[in-house]
Amino acid sequence: MIFLAVTLGFFAENIREHSTELNNAKKFLESYKDELVQQEGVCDHYKKLYQNKIIVCDSIKTIFFNSEENKKPDVLKRLLVPGLLFVEIPFNTSSYDQMVNSGALRYINNIALRDSMGAYRSSIEAIKNYNARILESINGNMIELSKLEDLHDVVSTDTSISYDLSHHIPDMKPFRVLSDEQRALLVFFYESYIVQAQSDLRHLRLLKASNLNLQKMINDALNK
């Protein structure tokens with residue numbers, strides 16, 4: 001009788017632990033799914049920002065390439081601030097990171113799902129690292145750029161309005177005569193932004209496809 005009681009107790013404890021693990025896996029997956037839905041919205045929002053960034057920087061680049069900086073000062077003033085703003089995607093990965101740090105990934109028995117989650121997180125990290133490198137490169141050219149463009153009014157000093165750089169049209173002095181080397185630097189500077197935006201657009205399209213696939217996999221897992 002004692003042996004039977006111990007055996008039944010052992011099985012009952014295993015069943016209880018298994019049930020607890022299933023419940024924990026469901027809670028973590030539901031939280032992660034919410035994070036994916038949020039990230040899907042981020043992808044859509046920043047896709048539009050990058051598309052606009054390409055249009056703006058291409059217009060600025062073309063003006064300098066065609067030596068029209070003093071023929072189209074109003075256009076440059078309107079485009080300067082959105083052209084200089086660096087667009088970086090603020091991904092929130094707290095739900096997945098919590099699963100990793102707490103060891104909760106062991107609750108997810110679907111290996112294909114676990115691998116897809118890890119690959120998706122790596123893709124986000126790759127985008128962050130890429131933008132960090134591009135930002136470092138762009139910042140490295142800012143000193144030379146400031147010698148060629150009048151940036152004294154890039155940030156509005158009007159404290160009576162909300163702090164919104166994108167709507168500020170700065171005052172700018174006319175450009176001095178630019179050498180071919182200086183003009184090439186300006187063209188390259190804004191072309192760098194275009195390269196970054198195009199690359200991030202491609203990454204976002206791939207990331208969203210992975211995101212939607214993950215959401216489907218999680219829905220399938222939760223509905224079992």
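The values are calculated or read from the model by the stated rules, or taken from the named source; none is laboratory data. In this text the structure is predicted, and so the values were computed from the model without any measurement. Reconstructed Cβ throughout: ideal geometry from the backbone, glycine too, with neighbour counts over all protein chains shown.
Across region 86-111, which residue is surrounded by the most Cβ atoms within 10 Å (Cβ to Cβ) among those that are among the aromatic types (Phe, Trp, Tyr) and not in a loop (DSSP other than H, G, I, E, B)?
Residues of region 86-111 that are among the aromatic types (Phe, Trp, Tyr), as a first pass: 86, 91, 96, 107.
From what's left, not in a loop (DSSP other than H, G, I, E, B): 96, 107.
On the way: TYR96: 22, TYR107: 18.
Selected residue: TYR96.
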(request) Give the residues of region 76-133 that are of a type in the set (Val, Ile, Thr), at pLDDT 90 or above and over 30 Å from PHE64 (Cα atoms), sorted by residue number. (result) THR93, ILE111, ILE124
(request) Determine whether GLU181 is in a helix (DSSP H, G or I), farther than 30 Å from CYS43 by Cβ, among the acidic types (Asp, Glu) and in contact with a helix residue (DSSP H, G or I) (Cβ under 9 Å, 6 or more places away or on another chain). (result) no
(request) Run TYR107 past the list (1) under 23 Å from the mean Cα position of the chain (by Cα); (2) closer than 18 Å to LYS33 by Cα; (3) in contact (Cβ under 8 Å) with a residue 12 or more places away in the chain and report the number of the one that doesn't hold. (result) (1)
(request) Kindly provide the set of residues from region 24-46 that are within 30 Å of LEU76 (Cα to Cα) and buried (at least 17 other Cβ atoms within 10 Å of the Cβ), ordered by number. (result) VAL42, CYS43, TYR46
(request) Name, by its number, the condition in (1) of a type in the set (Lys, Arg); (2) over 15 Å from the mean Cα position of the chain (by Cα); (3) closer than 30 Å to SER210 by Cα; (4) at pLDDT 95 or above that does not hold for LYS26. (result) (4)
